[in-house]
Every structure is written in structure tokens, then in C-alpha cells.
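Heads up, the thing below is written out as C-alpha cells.
The values are calculated or read from the model by the stated rules, or taken from the named source; none is laboratory data. These figures come from a predicted structure and were not determined experimentally. All Cβ positions, even for glycine, are placed from backbone atoms using ideal geometry, and neighbour counts span all protein chains on display.
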């Protein structure tokens, strides 16, 4: 006897969570031939835009904590994708920059556009703009709600 699927409530969090999972899988499908993880691509993407960044700045841009970003960078250094050096004037600060091997992957810099094209297939330009606007507003609302005292 087939079990009936439970009826789930309409939840923005659930839809965003499931959509994010599918989107990450799509990104990974594009990156697998290059043996890159999505977090590694994000680091490379930041460095393709800025020549050098501190691990702290990368952490802010990538959206992960400093220890996680540092581990990602460690793996990338081991693979020869990036270099990590001490800052020229402050030896306490580590700076990350592209190695030649990481720069050779620059043709992947439009990955986000490829993923957007797949996700927005069948959408109008207005649909696309509205989606970004709504998601931006949801993020702002969530940030404001986090600043409010707990009930």
C-alpha cells in the first residue's frame, strides 16, 4: 500500500532551503570537471575581481566564518590554486592571491550567469528583476528581525 505524502505548509524557508540545495547541486555539476568545490569557486571568483584579499575579507565575501574560510584556502594552496603570504606592512595579516593555476580557471568566472540562466529558464526579464527584489527584501527583513530583542 502506497503511503500518502504529508501535506506540507507553505514555508518560505523550506522552499529556499530546497531551492538552494538544487542550485548548489547544479553549480557542482558545472564545477566537477575542474575538480572544484563551490566554496573554492567563490574564493576564486572574489580573487578574479580583486587581486589580493585578506583571509578576513574573503570570509566576509564568501559568507563563512574565518576558520572555515581558512580551511578552504588551505586546500586551495595545497592544490596550487592560490598563494598565501604575509601582508607587506603587517606580518600578522595573511593575504591570499591567485596562483597561475587559479588564474587559468578564469573562464569559470561566469558560472553564476550559467546557473542564473538555468534557474530563470522561462522567466521574463520582469520576473527575474522581481525575484531578485523580493529575495533582497526578505534578506533585509530577516536581518532586521535578528536585531530585534527576542520575545
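Residue 36 meets the conditions (1) within 16 Å of the chain's Cα centre (by Cα); (2) under 30 Å from residue 97 (Cβ atoms); (3) surrounded by fewer than 11 Cβ atoms within 10 Å (Cβ to Cβ) in every case but one. The failed one is (3). Of the residues making up the stretch 54-68, those that are assigned to a helix (DSSP H, G or I) and out of contact with any helix residue (DSSP H, G or I) (no Cβ under 7 Å at 6 or more places or on another chain) number 4. The single residue among 75, 85, 71 that is surrounded by fewer than 20 Cβ atoms within 10 Å (Cβ to Cβ), more than 14 Å from the chain's Cα centre (by Cα) and not in a helix (DSSP H, G or I) turns out to be 85.
Does residue 101 satisfy the criteria of being in a helix (DSSP H, G or I), at pLDDT 90 or above and more than 18 Å from the chain's Cα centre (by Cα)? So residue 101 passes the test.
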